[in-house]
Amino acid sequence: MSQYWSPIVSKLRPYVAGEQPRIANMVKLNTNENPYGPSPKALAAIREAADDRLRLYPDPSATELRETIAARFGLTVEEVFVGNGSDEVLAHAFQALLNHERPLLYPDVTYAFYSTYSLLYGVEAIEVPVDDGFQIRLADYDRPCGAIIIPNPNAPTGIGLPLTGIEALLAAHPDAVVVIDEAYIDFGGESAAGLVSTYPNLLVIQTLSKSRSLAGLRIGFALGQRPLIEALERVKDSFNSYPLDRLAQLAATAAIKDEAWFETGRRNIIASRESLVRELEALDFEVLPSQANFVFARHQSRSGAAFQAALRERGILVRHFAKPRISDFLRISIGTDEECARLVSALNEILAA
Ligand code: PMP
């Protein structure tokens, strides 16, 4: 703490990012990246554009990318907002749409950035407990509120919500903005993107970091009716004139258009997840039902921290959260089949020790 800090900085609890190791050959199952490379068409777009045009500023409105996203979801370009990762889109949403006189609601077990942004932007938030099975009970959100944010599937549990429940939530709260954070939606969940035209209070946020394998480029987007998108733009234009760089815009446009690459990749990850779940259960892990590119699992024999340390010694990175209710769990990102096999054999070794 320093006497020079503003009062808000003293109160912040910054987000702690997962480890990005400098050691080569680690099996990296800790930050939910995609184990397969991005679409070759996205890589070609970057190579083709890496020339002296980089001296020019990018399109500040990312029009071509927004048009491509709009076409994929059957929306207009004015109903699409893009940002530097969905983290930045979320940050703008917290300022532009989630800060009201009445509180913001989100689950008590969820993405850690929600509490960080609430503190940063002075949003009064109420954490609504998930049930004993770590499921979100949408009926518990039936209380006075200014806004709601829920990830579907939830993180770090991986548990998905049915679209009928989300629709009921939207209808029950016509005066509150409902943000559905769909970072992991492409691995088996039901997207709310198709509800955007019906519900003026719905904002859907997605990312190209997971199912499109472009985490390194930082691209996220939001879908919503014009007034919601305009609010995000007002905040963005008061903060940064160029949210996405030239290469990111081009690669993202090519990645969104490559449906064949996307379909194959997400199907592979879902299949690998299902076999990893079976293998973990055979080792007596309790695995929460996942619709994401990770699983959340615990074992009676050891704490999450002990497993994380023992796996790290064996060259495998997974994530553990020292938080109430979930400290005995491990979050394991779905890797290639070879990486999953290395994980399972390391777990066998640890359990036999
Ligand atoms: N939402 C959730 C629920 C996440 O887990 C993540 C990934 N850490 C994000 C948003 C942000 O992803 P990105 O900024 O890479 O788009």
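The values are calculated or read from the model by the stated rules, or taken from the named source; none is laboratory data. It should be emphasised that the depicted structure is a prediction, and the values quoted were computed from it without experimental measurement. Glycine gets a Cβ as well: all are built from the backbone with ideal geometry, and neighbour counts include every protein chain shown.
Looking across segment 285-308, the residues that are surrounded by fewer than 14 Cβ atoms within 10 Å (Cβ to Cβ) and either assigned by TED's automatic domain parsing to the domain that holds Leu161 or free of Cβ contacts under 8 Å to residues at least 24 places away in the same chain (or both) come down to Glu286, Gln300. Give the residues of segment 1-42 that are farther than 29 Å from Val295 by Cβ and assigned to a helix (DSSP H, G or I), sorted by residue number. Of everything in segment 1-42, those that are farther than 29 Å from Val295 by Cβ and assigned to a helix (DSSP H, G or I) turn out to be Pro7, Ile8, Val9, Ser10, Lys11, Lys41. Annotation note: of Ser191, Ser241, the sole residue that is within 16 Å of the ligand (Cβ to nearest atom), among the polar types (S, T, N, Q) and surrounded by fewer than 23 Cβ atoms within 10 Å (Cβ to Cβ) is Ser191.
Every listed requirement among (1) more than 21 Å from the chain's Cα centre (by Cα); (2) crowded, with 23+ Cβ neighbours inside 10 Å; (3) basic (Lys, Arg) is met by Lys210 save one, (1). Looking only at segment 208-234, residues that are within 25 Å of Thr198 (Cβ to Cβ) and not basic (Lys, Arg) come to 14 in all.
Among residues that are within 16 Å of the ligand (Cβ to nearest atom), farther than 24 Å from Asn154 by Cβ and in contact (Cβ under 8 Å) with a residue 60 or more places away in the chain, Leu65 is included. Selection within segment 17-44: residues that are of a type in the set (Gly, Ala, Ser) and within 25 Å of the chain's Cα centre (by Cα). The member of this set that is surrounded by the most Cβ atoms within 10 Å (Cβ to Cβ) is Ala42.
In segment 173-188, which residue that is within 16 Å of the ligand (Cβ to nearest atom) and within 20 Å of Asp140 (Cα to Cα) is surrounded by the fewest Cβ atoms within 10 Å (Cβ to Cβ)? Checked segment 173-188; the qualifying residue surrounded by the fewest Cβ atoms within 10 Å (Cβ to Cβ) is Val178. For Lys236, the conditions (1) under 19 Å from the mean Cα position of the chain (by Cα); (2) farther than 25 Å from Gln135 by Cβ; (3) in the same structural domain as Ile159 (by TED's automatic domain parsing) all hold with the exception of (1).
Determine if segment 195-203 includes at least one residue that is at pLDDT 95 or above, surrounded by 23 or more Cβ atoms within 10 Å (Cβ to Cβ) and within 14 Å of the ligand (Cβ to nearest atom). Yes: segment 195-203 contains one or more residues that are at pLDDT 95 or above, surrounded by 23 or more Cβ atoms within 10 Å (Cβ to Cβ) and within 14 Å of the ligand (Cβ to nearest atom).
Return a yes/no flag: does segment 23-44 have any residue that is without any contact (Cβ under 8 Å) to a residue 24 or more places away in the chain, away from the ligand (no atom under 16 Å from the Cβ) and either within 25 Å of Val80 (Cα to Cα) or among the charged types (D, E, K, R) (or both). There is no residue in segment 23-44 that is without any contact (Cβ under 8 Å) to a residue 24 or more places away in the chain, away from the ligand (no atom under 16 Å from the Cβ) and either within 25 Å of Val80 (Cα to Cα) or among the charged types (D, E, K, R) (or both). Please work out if Tyr111 is under 18 Å from the mean Cα position of the chain (by Cα), hydroxyl-bearing (Ser, Thr, Tyr) and more than 9 Å from the ligand (Cβ to nearest atom). No. Being more than 9 Å from the ligand (Cβ to nearest atom) and closer than 14 Å to Phe94 by Cα narrows it down to one of Arg212, Arg234, so name that one. The conditions single out Arg234. With respect to (1) more than 16 Å from the ligand (Cβ to nearest atom); (2) of a type outside the set (Lys, Arg); (3) assigned by TED's automatic domain parsing to the domain that holds Ile148, the lone exception for Ala91 is condition (1).
Of the strands (runs of 3 or more DSSP E) lying entirely inside segment 74-163, those containing at least 2 residues that are surrounded by fewer than 19 Cβ atoms within 10 Å (Cβ to Cβ) are 125-128.
Scanning segment 309-322 for residues that are without any contact (Cβ under 8 Å) to a residue 24 or more places away in the chain and surrounded by fewer than 18 Cβ atoms within 10 Å (Cβ to Cβ) yields Ala309, Arg312, Glu313, Ala322. Could you please let me know if Pro151 is away from the ligand (no atom under 16 Å from the Cβ), closer than 18 Å to Pro289 by Cβ and within 21 Å of the chain's Cα centre (by Cα)? So Pro151 does not fit the description; no.
Say whether the condition of being without any contact (Cβ under 8 Å) to a residue 40 or more places away in the chain and closer than 30 Å to Val277 by Cα is met by at least one residue in segment 120-127. Yes, segment 120-127 contains at least one residue that is without any contact (Cβ under 8 Å) to a residue 40 or more places away in the chain and closer than 30 Å to Val277 by Cα.
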